1. Give me the distance in nm between label points sitting 7 Å out from Cα along the Cα-to-Cβ direction at residue 69 and residue 111, one decimal.
2. Out of every Cα pair in segment 116-163, what percent are spaced more than 18 Å from each other?
3. Report the gain in length on full extension from residue 125 to residue 85: 0.36 nm times residue separation, minus Cα-Cα distance, nm rounded to one decimal.
4. Give the calculated FRET efficiency between residue 138 and residue 25 to the nearest 0.05, with a Förster radius of 30 Å applied to their Cβ-Cβ distance.
5. Just need the relative contact order of segment 21-154 here, percent rounded to a whole number, with Cα pairs under 8 Å and 6+ apart.
6. Along each of its three principal axes, how wide is the spread of alpha-carbon positions in the chain, in whole angstrom units, largest first?
7. State the Cα centre-to-centre distance between segment 52-100 and segment 148-163 in whole Å.
8. For a quick check of your reading of the filter: which trypsin sites (Lys or Arg not before Pro) in segment 60-162 sit in a DSSP loop and have no more than 11 other Cβ atoms within 10 Å?
Amino acid sequence: MVPDDKLHAHASAAPTPAAKNTPPTWQGACFCGTVRFTVTGEPEAMGYCHCDSCRHWSAGPVNAFTLWKPGALEVTQGAESIGTFHKTPRSERSWCRNCGGHLFTHHPHWNLTDVYAAVIPDFPFRPAVHVNYHETRLPMRDGLPKLHDLPAEMGGSGASVPE
Ligand SMILES: [Zn+2]
Ligand SMILES: [Zn+2]
């Protein structure tokens, strides 16, 4: 049996090393808030995609992406309201059936999920690269690397193009 004073000492203690090492978690939601989710830890990559598919799907000129391993994403509310569409087997695009707001896109061939930076507003988005820049409609002269298509390790050419 644990003495009572010991229990109190433990409860009031400063954060334990284990608690300090807990990876950070950020909240995300669809446009109406029906679907809520979290992402935990660090994404595998962050940047901007200029491809035609991202532009058409998002109805915006460029997609700010954060790519996560599947375990990092947890839907905490409204899972039954998530719709998914895939035009190609490479991108399973999910949105909220209630408001139409986009949520994330799973890429099975990479086993990574793009959680759009726009739906995790508190997450410290730090883009490192522009991909599919040969399809751009919105040149962004921010000094970051511009890849013609994708990094070589993701199946692309890895070739850079000028800003
Ligand atoms: Zn919604
Ligand atoms: Zn794209």
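Each reported figure results from applying straightforward, stated rules to the coordinates on display, with no laboratory input. Note that this is a predicted model, so its numbers are computed, not measured. So basically every Cβ, Gly included, is an ideal-geometry build from the backbone, and we count neighbours across all protein chains shown.
1. Simple spin-label model gives 0.9 nm for this pair.
2. Value for segment 116-163: 38 percent of Cα pairs lie more than 18 Å apart.
3. That works out to 11.8 nm of additional length.
4. After rounding to 0.05, the efficiency reads 0.40.
5. Averaging sequence separation for qualifying contacts and normalising by length gives 27 percent for segment 21-154.
6. 68, 37, 26
7. If we compute the Cα centre of each part, the gap is 23 Å.
8. Hits after loop and neighbour filter: 137, 141.
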